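Here the structure is laid out as structure tokens; the discussion comes afterwards.
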Amino acid sequence: MRIDRDLVPDYPLSWQARALTGVMYGTLKPFSSLLMRHPVALACANRLGDLARLVQMPHPPHVLIAPEEFSSCGGEWIRGGPKLDEGKVVLYFHGGGYFSCSPRTHRSITWRLSAATRRPVLALDYRQGPVFKLADSLADALDAYDCLLGRGHAPGDVILAGDSAGGHLTLVTMLALRDGGLPLPGAAICLSPWADLTDFPRRANRWQDPMLPAGRVRWLARRWTSGLDPRDPLVSPVLGDFTGLPPLMIVTGSTEVLRDEARRVAERARQAGVPVRYEEWPRMPHVFPILADVLPEARLAFRHMKQFVSAVAARPASRGDSAAA
């Protein structure tokens, strides 16, 4: 399979997708408008996330989960089936706007990603706002990656992946590694990445997005970039130079308010010579793979991720890859 391509999957829209997006438009979108409006609400959401860590989220009995600890944060190992390649790993960063969610809330993604890639997934419970800063989240991501290398994983055998804010963390982690002259992972997967934290109005899909209100995303970006240069590539990776980065897969929905910045990441990466598989799924909501328990399209997306990882593995190593390793 050729990696560098754009794809608009033409599967028939399922009745589950039609029903779910309608429900989300009438519930999640108004709730998000209220939540992302005041710092107190963010603090409350963060506290609810702490309580959610005490709840055991359901997962199939064949999925194995084990806790992991790092210097400043924790995480969990997820093994989505038997006979995985333990020499390879996916380092996963969950989404949640940098103020909510955890590895537990994203197990519907991580166990399927483990099964699709035939390797264990390390889901990082990185530090988040409002207590911590973007730099703290990045430090945790770099620490976890360094720990994996220290345990004997070759850089090329590590895949970075994340959704929404976790997609942002995936991109800035690769840029920070490259800028620091450190060995790069073998590939990266971004699901609906939040890549532009500059203060610009998102007009595309402003009314079509069933989940995220454009104005509230802009408000949240202002909060997390307070005191920072929002045009710094480690703040807004869509403005970065992607030269030398490994193959990248981007999955987004056609009606998302974040769709255009996902497109721009793909364009900038290609301009820098990075092979990019960009998939824009018709009428899918933000981070739709997390809905794989109910959405057929979400389950199909993991097949596409499996194809991407297989294509990366079959790709001849370039001179740049060898130098990075």
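The values are calculated or read from the model by the stated rules, or taken from the named source; none is laboratory data. Owing to the predicted nature of the structure, the values given are computational and were not obtained by experimental measurement. Cβ: placed from backbone, ideal geometry, glycine included. Neighbour counts: every protein chain shown.
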Task: Per-region count, the stretch 61-93, residues in contact with a Pro (Cβ under 6 Å, 6 or more places away or on another chain) and either of a type in the set (Phe, Trp, Tyr) or under 13 Å from residue 166 (Cα atoms) (or both) - done: 1
Open item on the list: Would you confirm whether or not the stretch 60-67 contains a residue that is within 20 Å of residue 194 (Cα to Cα), at pLDDT 80 or above and not in a helix (DSSP H, G or I)?
Closed with: no
Open item on the list: Take residue 195 and tell me if it is farther than 27 Å from residue 17 by Cα, in contact (Cβ under 8 Å) with a residue 40 or more places away in the chain, aliphatic (A, V, I, L, M) and surrounded by 16 or more Cβ atoms within 10 Å (Cβ to Cβ).
Closed with: no
Task: Single condition residue 298 does not satisfy, out of (1) touching a Pro at 6+ places or on another chain (Cβ under 9 Å); (2) within 17 Å of residue 174 (Cα to Cα); (3) assigned to a helix (DSSP H, G or I) - done: (2)
TODO: May I ask you to verify whether residue 203 is at pLDDT below 95 and assigned to a loop (DSSP other than H, G, I, E, B)?
DONE: yes
Open item on the list: I'd like to check something: does the stretch 78-99 contain any residue that is over 23 Å from residue 257 (Cα atoms) and in a helix (DSSP H, G or I)?
Closed with: no
Task: Number of positions in the stretch 258-295 that are in a loop (DSSP other than H, G, I, E, B) and in contact with a His (Cβ under 8 Å, 6 or more places away or on another chain) - done: 1
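Can you say whether residue 247 is in contact with a strand residue (DSSP E or B) (Cβ under 8 Å, 6 or more places away or on another chain), farther than 20 Å from residue 95 by Cα, buried (at least 18 other Cβ atoms within 10 Å of the Cβ) and not aliphatic (A, V, I, L, M), as far as the supplied structure shows?
The answer is yes for residue 247.
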